[in-house]
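**Q** Sharing a structure here in structure tokens format.
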């Protein structure tokens, strides 16, 4: 981006390096991202992780810890911009907030410099592509589930959600990337059914209280 870059695989003169890596599902492996970060000079104990969380949600504990760990003069290092954010406004907010705090942002070893027009343009382009990929993935997920529902399904009353479908609904809701209305559309169920599944999941898992919603009318 700017004239600054890598030196022997590490970032020169950038204070303390704080790394952040993320994957969207619990089945994905963060090893490759860890190796990129350590190759750029980030200490293993200074890498913060989020697993099973999408980049469209800011409710990410690992990201919060990484942002809290950096101080003025430090550098937040991410393998790629889409690991940090999957929307243009979010990417800009995070990048600008870091710069305002005197913290530099490294995307795979290239320093984001908002004062450099070319660097800023490249950053915005990466953010646009990251958001496009997230929207495309969401659309493909909906299309795939619509095709699956259309095969072998009888007309009439909607079938109950299987245990696997309920688990997927809970997982999708937890990412923060889907609204209740979108979950209703994806699974072809009513609002009460969505809330009921979320309430059951919350009741069976120690933590926050169940999601409040309309009173149930039919079993999930």
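**Q** For the pair residue 92 and residue 200, how long in nm is the line joining their label points, each one 7 Å along Cα→Cβ?
**A** Once both label points are built, they end up 4.3 nm from each other.
**Q** Could you give the nm distance between label points at residue 192 and residue 116, where each point is 7 Å from its Cα heading toward the beta carbon?
**A** Rounded to a tenth, the inter-label distance reads 5.9 nm.
**Q** Continuing with the same structure: So between residue 128 and residue 162, what do we pick up on full extension, going 0.36 nm a residue minus the alpha carbon distance? Display every interim value, and only then the final one.
**A** Details: separation 34, 0.36 × 34 = 12.24 nm, distance 3.63 nm.
8.6 nm is the gain from fully extending residue 128 to residue 162.
**Q** Moving to a separate point now. Along Cα→Cβ, 7 Å out, is where each label goes; now give me the distance between the ones at residue 51 and residue 182 in nm to one decimal.
**A** Computed distance between label sites residue 51 and residue 182 equals 2.4 nm.
FYI, it's all coordinate maths here, none of it is from the lab. Please read all numbers here as calculations on a predicted model, not as lab measurements. Cβ: placed from backbone, ideal geometry, glycine included. Neighbour counts: every protein chain shown.
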